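What follows is calculated from the coordinates using simple rules that are stated; it is not laboratory data. Values in this document were obtained by computation on a predicted structure and should not be read as measured data. As a convention, Cβ positions derive from the backbone with ideal geometry for all residues, glycine included, and neighbour counts pool all protein chains shown.
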């Protein structure tokens with residue numbers, strides 16, 4: 001059974017944040033709230049947790065996993081940015097956007113798109129997520145908590161606990177989130193292409 005943690009959405013309790021981070025470092029999988037919707041998170045390089053995400057969401061090998069980063073400096077270690085893309089991404093973060101960009105050698109090969117060698121990255125504007133990332137000290141491997149055959153991602157902690165109780169290790173209840181995933185912008189060709197319209201306003205970028 002998953003552990004259910006009620007974490008304050010504005011002032012996250014350090015003790016509970018530490019418990020989440022310890023679980024991530026021990027190889028666990030967590031369901032956590034973001035500024036867009038709930039997501040599944042694991043430690044970067046955790047192959048077993050990645051496989052669990054694939055199983056929960058029934059993903060294929062073309063799925064872009066996301067590296068959720070604490071800040072722009074951390075993001076820059078994992079993706080390549082020319083000046084124009086740098087300005088566009090910088091202006092839109094933190095916020096409910098995911099950017100697909102060419103990966104640096106810092107990204108584990110198994111997380112790359114098999115043909116494009118790209119990866120998704122984002123910096124969320126959410127107190128709980130930021131607290132977890134600050135203590136973890138590295139990005140989280142992440143994927144939107146959108147279940148197979150459903151049009152909207154899960155948005156409430158209690159529902160996630162009911163539905164994924166035996167498939168994740170921790171469910172964080174951090175108040176209700178939105179029910180839209182991030183807006184996904186592909187910059188891998190050097191210019192913005194909207195892959196998915198979501199919580200972020202793509203008109204501010206494209």
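Details
- Beta bridge orientation in segment 3-204: antiparallel %, DSSP, nearest 5: 60 percent
- Beta bridges by DSSP in segment 55-127, antiparallel share as percent, to the nearest 5: 60 percent
- Its DSSP H runs of at least 4 residues, each contributing -39,500 (n - 2.57), put the calculated 222 nm mean residue ellipticity of the chain at -7000 deg cm²/dmol, to the nearest 500.
- With the simple spin-label model, which puts each label point 7 Å out from Cα in the Cβ direction, the residue 125 to residue 204 separation comes to 0.5 nm.
- Against the chain, whose longest principal axis comes from its Cα atoms, helix 47-57 is set at around 90 degrees.
- With Cα atoms, 0 to 90° folded angle of helix 14-25 axis to the chain main axis: 70 degrees
- Cα-Cα pairs of the chain separated by more than 30 Å (percent): 14 percent
- Histogram of C-alpha separations across segment 63-112, 10 Å bin width, %: 22, 62, 16
- Between helix 127-136 and the chain there is an angle of about 90 degrees, using the helix long axis and the longest principal axis of the Cα atoms.
- Here the extension length gained between residue 110 and residue 77 equals 10.2 nm, from 0.36 nm per residue of separation less the Cα-Cα distance.
- With R₀ set to 41 Å, the beta-carbon distance separating residue 55 from residue 84 gives a calculated FRET efficiency near 0.60.
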